[in-house]
Amino acid sequence: MLKHPASNIDTRFERLTALLAKWQPVWRSSPFIYGRATLHGFSPALTDTLLGLSEAQVKSLQSNPWQDSPLAEWLPVAELAELVSLPALPLELVALPPAWAQHVGGRKWQQIEAFVRYLKVVPHERLVEWCAGKGHLSRALARWHGREVTALEWQAALCQEGEHLATVQQAPVRLHQQDVLAPDVGRFLTAQSHVVALHACGDLHLSLIEQAVASGSSVSLAPCCYHRTEAADYRPVSQCGRALCRSHAFSLVRSDLTLAVQETVTAPRGVRRRREQANAWRLGFDELQRELRGVDSYLPVPSLAYGQLPERFTDFCAWAARRKGLDLPSSLDYARHEASGWHRLWEVERLELVRHLFRRPLEIWLALDRAKRLEEAGFSVEVGTFCAHQLTPRNLFIHAKRS
């Protein structure tokens, strides 16, 4: 557990900054956008090792990049493994009644139940949920702790459905349609409040932190989607973070932050296969457009919602070409480009393993920046995990209470 004295957080924060800064050329370099297998500026032997990995080795390193890694000869695998090892926080052995899970997805309910175990709610605290959606977490908290919960959600339809569920389940939850980025959100928080947020994104959880600092409210937060922020350049929220970035010549832009949330829970086999096909087709189209335009550079194509991927590679290319204003000649050898896309995907999966090593370190660095902001404002802070990453990779938990 990371808590006072502050040196525990400070030491980890400084070491992570140093490593992320030193190795940024390799983790910032996305193999997906390059037309050939290479890791710019690094040992060819590292590239050869990656391209020589079997499918079983690739799958193993994708799920656990720290164990038996053949990359340790070139990269600081052991030190990164140590820095990302956060113990679970002290918990209550809570088993919420299974009936309470009605109307909540199975994985979501497991996350809620795990989150509730780590909440340290004291008598007379007013519970407030930030970005409540339909109020699933609020209802669980209201029923478990036997007190009213204020739930803030900006979408009117979600508020209405949440109010209906609270009435049916006789849970004392009061949903308020509220934009948590609006200045007037502070009216819901006082020094006697305890604001909770399970996977509030980007600017939404940063707003929570600043409102807690202003009001003195306790905080229990599982942050998510750090890249969902208005600012193009990331500015550390803590004084410590800004000082470390200056001393290590380290900076981040919004696109860098997506790396922190790229790990996902393993999807069903059919979904994984469809995702692989989409990526292979994107890479195949990339080969095609480079040849067609005579320009050896990546041409980004918009994302397609799940279920909208065409059935054939030719149809995908026609769609992508329309989006990018390209005319496709009838003489194109689509089979060759599709095969090239699958081969590049094979390469990319191996080269991306380098970035996987820095994915969790970056996420923890961002969480520690938030923890330091609260600590610098006079809060006692704990940082840890609230569930296994198989349940959700976004399992970091920040608890802060004004000292």
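Once amide H atoms are built 1.01 Å from N in the peptide plane, which residues 5 or more positions from Tyr234, or in another chain, come under 5 Å H to H?
Leu252, Val253, Arg254
Place the peptides 75-87, 371-383 in order of packing, highest mean first, counting for every residue the other Cβ atoms within 10 Å and averaging per peptide.
Descending packing order for the listed peptides: 371-383, 75-87.
If Lys and Arg each add +1 and Asp and Glu each add -1, what is the summed charge of the other residues whose beta carbon sits under 14 Å from the beta carbon of Leu46? Each step should come with its number before you reach the end.
Details: positive: Arg350, Arg355; negative: Asp48, Glu73, Glu347, Glu352.
Here the count lands on -2.
Give the accessible surface of region 187-297 per residue, rounded to a whole number of Å², with probe radius 1.4 Å and ligands, DNA and RNA excluded.
Heavy-atom SASA per residue in region 187-297 reads 44 Å².
Could you run the Karplus curve 6.51 cos²θ - 1.76 cosθ + 1.60 with θ = phi - 60° over region 97-111 and give me ³J(HN,Hα) per residue in whole Hz, x for Gly and Pro?
My calculation for region 97-111 gives x, x, 4, 5, 7, 4, 6, 10, x, x, 5, 4, 5, 4, 5 Hz in order.
From Cα pairs below 8 angstrom and at least 6 apart in sequence, can you work out the relative contact order of region 68-187, rounded to a whole percent? Walk me through the numbers on the way to the answer.
Working: 135 pairs, mean separation 22.4, N = 120.
About 19 percent, as a whole number.
Test of understanding: extend the Cα→C-beta vector of Thr167 to 7 Å, then name every residue of region 116-138 with backbone N under 18 Å from that spot.
134-136
Within region 121-151, which residues have the backbone N less than 18 Å from the label spot 7 Å out from Ala191 along Cα→beta-carbon, could you tell me?
Only 122-127 fall inside the zone, counting backbone N under 18 Å.
For helix 269-293, what angle does its Cα long axis make with the longest principal axis of the chain, in degrees from 0 to 90 and rounded to 10?
50 degrees
Quick check: from the Cα gyration tensor, does region 148-289 come out rounded (a/c under 1.5), prolate or oblate?
Here region 148-289 falls in the oblate category.
What does the extension gain come out to for Lys22 and Lys108, with contour length at 0.36 nm per residue minus their alpha carbon separation? Could the numbers behind the result be given before it?
Working: separation 86, 0.36 × 86 = 30.96 nm, distance 3.73 nm.
Taking 0.36 nm per residue and subtracting the Cα distance, the gain is 27.2 nm.
Report the normalised scattering of region 277-389 as log10 I(q)/I(0) at q = 0.10, 0.19, 0.21, 0.24 Å⁻¹, calculated by the Debye formula with identical scatterers on the alpha carbons.
-0.49, -0.98, -1.12, -1.34
Just to confirm the number: angle between the C-alpha axis of helix 136-145 and the first principal axis of the chain, 0 to 90 degrees, nearest 10?
Roughly 30 degrees, rounded to the nearest 10.
How long are the three semi-axes of the equivalent ellipsoid for region 1-159, computed from the Cα gyration tensor as the root of 5 times each eigenvalue, in whole Å, largest first?
42, 21, 17
Decide, for the chain, between rounded, prolate and oblate: order the square roots of the alpha carbon gyration tensor eigenvalues as a ≥ b ≥ c, take rounded if a/c falls under 1.5, and otherwise choose prolate if a/b is larger than b/c, else oblate.
prolate
Just to verify a number: FRET efficiency for Arg274 and Tyr334, C-beta to C-beta distance, R0 = 25 Å, to 0.05?
FRET efficiency, Arg274 to Tyr334: 0.80.
Whole-Hz ³J(HN,Hα) for each residue in region 85-90, computed from phi via Karplus 6.51 cos²θ - 1.76 cosθ + 1.60 with θ = phi - 60°, x for glycine and proline: what do you get?
7, 9, x, 5, 6, x
Sort out for me the Cα centre separation of region 341-403 from region 195-239, rounded to whole Å.
14 Å
With an 8 Å cut-off on Cα pairs and a minimum separation of 6 or more residues, tell me the relative contact order of the chain in percent.
Over the chain, the number comes to 24 percent.
Please state, as a whole number in µm²/s, the translational diffusion coefficient that the Stokes-Einstein equation yields for region 331-371 at 20 °C and 1.002 mPa s, with Rh defined as the Kirkwood radius across alpha carbon pairs.
Translational D for this selection: 167 µm²/s.
For the chain, with all protein chains present and a 1.4 Å probe, just round the carbon and sulfur fraction of the accessible area to a whole percent.
The value for the chain is 51 percent carbon and sulfur by accessible area.
Counting DSSP beta bridges with both partners in the chain, what percentage is antiparallel, nearest 5?
Antiparallel bridges: around 40 percent, rounded to the nearest 5.
Taking square-rooted eigenvalues a ≥ b ≥ c of the alpha carbon gyration tensor, is region 290-337 rounded, prolate or oblate, where a/c under 1.5 means rounded and, failing that, a/b exceeding b/c means prolate? Don't skip to the answer; put the middle values down first.
On the way: a/c = 1.97, a/b = 1.32, b/c = 1.49.
In terms of gyration-tensor shape, oblate.
Hey, what angle do you get for helix 313-324 against the long axis of the chain, alpha-carbon based, 0 to 90 degrees rounded to 10?
70 degrees
So what are the ³J(HN,Hα) numbers for region 233-238, from phi and the Karplus equation (6.51, -1.76, 1.60; θ = phi - 60°), rounded to whole Hz, Gly and Pro as x?
Karplus values, whole Hz, x for Gly and Pro: 10, 7, 10, x, 7, 9.
Using Cα pairs under 8 angstrom and six or more residues apart, how large is the relative contact order of region 258-403, in percent?
30 percent
If amide H atoms are built 1.01 Å from N in the plane of the peptide, which residues on other chains or at least 5 residues away come under 5 Å of the amide H of Val149?
Under 5 Å from the amide H of Val149: Val173, Arg174.
Net charge around Ala377, counting only other residues with Cβ within less than 10 Å of its Cβ (Lys, Arg = +1; Asp, Glu = -1)?
0
Taking region 265-330, which trypsin sites (Lys or Arg not before Pro) meet the DSSP loop condition and have no more than 16 other C-beta atoms within 10 Å?
Arg312
When the convex hull of the Cα atoms of region 89-145 is projected onto a plane and the area is averaged over all directions, what value comes out in nm²?
If I average the Cα hull's projected area over directions, I get 4.2 nm².
Kirkwood Rh over alpha-carbon pairs of region 231-321, then Stokes-Einstein at 37 °C and 0.692 mPa s: what D in µm² s⁻¹, rounded to an integer?
199 µm²/s
Computed on alpha carbon atoms, what radius of gyration and Dmax characterise region 44-102, expressed in Å?
Cα only, region 44-102: 18.7, 57 Å (Rg, Dmax).
Sort the following peptides by mean Cβ neighbour count (other Cβ atoms within 10 Å, averaged over residues), highest first: 27-34, 249-256.
Going by the mean number of other Cβ atoms within 10 Å, highest first, we get 27-34, 249-256.
Within the set Lys59/Lys120; Lys59/Lys108; Lys22/Lys372, which residue pairs have Cα atoms separated by over 31 Å?
Working: Lys59/Lys120 38 Å; Lys59/Lys108 26 Å; Lys22/Lys372 22 Å.
Among Lys59/Lys120; Lys59/Lys108; Lys22/Lys372, the Cα-Cα distance tops 31 Å for Lys59/Lys120.
The values are calculated or read from the model by the stated rules, or taken from the named source; none is laboratory data. All values derive from a computational prediction rather than experimental measurement. Using ideal geometry, Cβ is built from the backbone for each residue, glycine included, and neighbour counts are taken over all protein chains shown. Surface areas here come from the heavy atoms of the whole protein model, side chains and all, with no ligands, DNA or RNA. Shrake-Rupley method; radii C 1.70, N 1.55, O 1.52, S 1.80 Å.
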